[in-house]
Amino acid sequence: MAAFPDNFLWGGATSDFQFEGGFGEGGRGLSSHDFETDGAKDQPRRISLRLADGTRGFVNNRESLPDGAEAQLYDDIYYPSHKAVDFYHHYKEDIALMGELGFNVFRFSVCWSRVFPTGDETQPNEEGLAFYDAVIDELEAHGMEPLITICHDELPQHLAETYDGWNSRHVIDCYLRFARVLLERYRNRCRYWLTFNEINAVGGYMQTGTHKQTGQDLYQAKHHMMVASARCVKMAHEISPDFQMGAMYALSAMYPATCDPRDVQLAYWTRRESLYFIDVMARGAYPSYARDLLARRDVTLRIEPGDEEILREGTLDFVSFSYYRSNIIREGCSLRYAGVIGGDANPYLETTPWGWPVDPLGLRITLNEIYDRYQKPLFVVENGMGAIDEKLPDGTVDDSYRIEYLSDHLGAIRDAITIDGVPVLGYTMWGAIDLVSLSTGEMKKRYGFIYVDMDDKGNGTLERSKKKSFDWMRQVIATNGEDLRA
Ligand code: BG6
């Protein structure tokens, strides 16, 4: 039996604010991520602010903004999203390299404020759309189809500042106007769509646009996002019955620290902090445990008439997720982002330089868990190894560790397909071309097959060059995954 199905989709994944750049070009408006500073492994990224008294201030992304503060740019601060790795000006070269790898799909997100600069316009910015037209032209010329993330962890700054972001139902309508433009324009050019990125894990002003980071505001914002997603799925199916609509979630495998039933319960309950969102969006209703989950956070959801109906009607066609690591859950352990990051050290696993446990079997377990629960096709839309890649004097990069990581993870997907019978549509490796890290804002946390000459402060030629893993991945794809040898 073939390892991967003939029509398996092989590709890479990016987000606009980590990859695209083109700040202020082509009529692009300000995006929430534009205000995020760089950081490091032990130094959180911050949002630069104008405080109520007019002075400068900062908060970490997951903190509430002080009363009266608004995001503000300062000339002497480096903001990684503004240039990112400049796909905006390098897209032809980048897509040609991806074509050389043999990709047949490329996942990217559309910068909302490039298409609707404030989010409130009634007509889109044609110049912004022309950029994405050109990207798709180029993809098609190199044998790739797009996989479009409509909204990847950001929104036009105007919607955050004026309406408190996703806390407001007004943003649902703005999102649907944006989504409709994309769905109609790319109706015959894109089959697979993601309504949102990692809705289970997003939080903070840059990602949801809400000024206060209380459980109430966060879960209310996410209710609105889920209503927006369901309405988008329904609208998409009316526009084209061929569209396959998904959303993506951040999933790490989760293990209890011991067989103490309290640890097992904690791991299970922590898992539900993510499953909660997939349950609503893939099954179409809030799960029974939602009441307890929300009550423990002191949240009372405002669910309007019609919301429950639309959630039922707008369920996803497929479920996709990112997978990087697994976590050990124990009472008192430190967990972030719906438990996706954190937990105790796992003595059985090695870690990446950023302390992320490397666990390919956890990916197979997660694929089985999610398919057992939802019985919908799955798509692994992010996976990969963030590492420090050293450029050798001869200009090459020996990233054998990445080859090993990917070989093991692809092996896990192959086993899930061939042994466990899980339908997997495709695999898009995170950052096939090096890009800015979301969590740290660094460049030195690299994921790509293709090295980009740029440092943590944005200095460098931006020249692209192939790493050792490039040829390895080309061979994997050329054999449709038959040859995964590291
Ligand atoms: C996912 C996000 O959480 O993980 C990406 O969808 C992100 O935007 C990726 O880049 C890897 O995380 P990091 O922090 O290593 O960039």
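So here's what we get for this one:
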{"item": "Residue in region 56-76 that is out of contact with any Ser or Thr (no Cβ under 7 Å at 6 or more places or on another chain), surrounded by 20 or more Cβ atoms within 10 Å (Cβ to Cβ) and over 25 Å from Gly119 (Cα atoms) present", "result": "no"}
{"item": "Some residue of region 32-44 being more than 20 Å from Tyr91 (Cβ to Cβ), at pLDDT 95 or above and away from the ligand (no atom under 16 Å from the Cβ)", "result": "yes"}
{"item": "Single condition Ile370 does not satisfy, out of (1) surrounded by 19 or more Cβ atoms within 10 Å (Cβ to Cβ); (2) within 16 Å of the ligand (Cβ to nearest atom)", "result": "(2)"}
{"item": "Residue within region 135-156 that is of a type in the set (Ser, Thr, Tyr) and within 30 Å of Asp471 (Cβ to Cβ) present", "result": "yes"}
{"item": "From the options Phe449, Phe379, residue that is of a type outside the set (Lys, Arg) and touching an Asp or Glu at 6+ places or on another chain (Cβ under 9 Å)", "result": "Phe449"}
{"item": "Residues satisfying the stated conditions in region 228-239, i.e. surrounded by fewer than 23 Cβ atoms within 10 Å (Cβ to Cβ) and either within 22 Å of the chain's Cα centre (by Cα) or among the basic types (Lys, Arg) (or both)", "result": "Arg231, Lys234"}
{"item": "Index of the failed condition, Pro256 passing every other in (1) over 21 Å from Tyr219 (Cβ atoms); (2) without any contact (Cβ under 8 Å) to a residue 60 or more places away in the chain", "result": "(2)"}
{"item": "Region 176-217: number of residues that are part of a helix (DSSP H, G or I) and either within 16 Å of the ligand (Cβ to nearest atom) or without any contact (Cβ under 8 Å) to a residue 60 or more places away in the chain (or both)", "result": "9"}
{"item": "Among residues of region 296-342, those that are assigned to a loop (DSSP other than H, G, I, E, B) and within 16 Å of the ligand (Cβ to nearest atom), counted", "result": "7"}
{"item": "Cβ pairs under 8 Å, 6+ apart, first in region 354-366 and free of Cβ contacts under 8 Å to residues at least 40 places away in the same chain and in a loop (DSSP other than H, G, I, E, B), second within 15 Å of the ligand (Cβ to nearest atom) and not charged (D, E, K, R)", "result": "Trp356/Tyr324; Trp356/Gly386"}
{"item": "Answer from Val380, Val358 - the residue that is at pLDDT 95 or above, buried (at least 19 other Cβ atoms within 10 Å of the Cβ), over 27 Å from Gly39 (Cα atoms) and within 14 Å of the ligand (Cβ to nearest atom)", "result": "Val380"}
{"item": "Given (1) in a helix (DSSP H, G or I); (2) closer than 20 Å to Asp217 by Cα; (3) free of Cβ contacts under 8 Å to residues at least 60 places away in the same chain, number of the condition Gln265 does not satisfy", "result": "(2)"}
{"item": "Unmet criterion (only one of (1) within 16 Å of the ligand (Cβ to nearest atom); (2) hydroxyl-bearing (Ser, Thr, Tyr); (3) free of Cβ contacts under 8 Å to residues at least 60 places away in the same chain; (4) closer than 30 Å to His89 by Cβ) for Thr461", "result": "(1)"}
{"item": "Test: Thr440 is surrounded by fewer than 18 Cβ atoms within 10 Å (Cβ to Cβ), among the β-branched types (Val, Ile, Thr) and touching a residue at least 60 places away in the same chain (Cβ under 8 Å)", "result": "no"}
{"item": "Residue count, region 343-355 (criterion: surrounded by fewer than 14 Cβ atoms within 10 Å (Cβ to Cβ) and away from the ligand (no atom under 16 Å from the Cβ))", "result": "4"}
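Residues checked against (1) in a loop (DSSP other than H, G, I, E, B); (2) in contact with a Pro (Cβ under 6 Å, 6 or more places away or on another chain); (3) surrounded by 17 or more Cβ atoms within 10 Å (Cβ to Cβ):
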{"site": "Glu121", "(1), (2), (3)": "yes, no, no"}
{"site": "Gly128", "(1), (2), (3)": "no, no, yes"}
{"site": "Asp133", "(1), (2), (3)": "no, no, no"}
{"site": "His152", "(1), (2), (3)": "yes, no, yes"}
{"site": "His158", "(1), (2), (3)": "no, no, yes"}
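Condition check ((1) within 13 Å of the ligand (Cβ to nearest atom); (2) assigned to a helix (DSSP H, G or I); (3) buried (at least 22 other Cβ atoms within 10 Å of the Cβ)) across all residues:
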position	(1), (2), (3)
Met385	yes, no, yes
Leu392	no, no, no
Tyr401	no, yes, no
Glu404	no, yes, no
His409	no, yes, yes
Arg414	no, yes, no
Thr428	yes, no, yes
Lys444	yes, no, no
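The values are calculated or read from the model by the stated rules, or taken from the named source; none is laboratory data. None of these values were measured; they are calculated from a predicted model. Quick reminder, even Gly has a Cβ in these numbers, built from the backbone with ideal geometry, and neighbours come from all protein chains shown.
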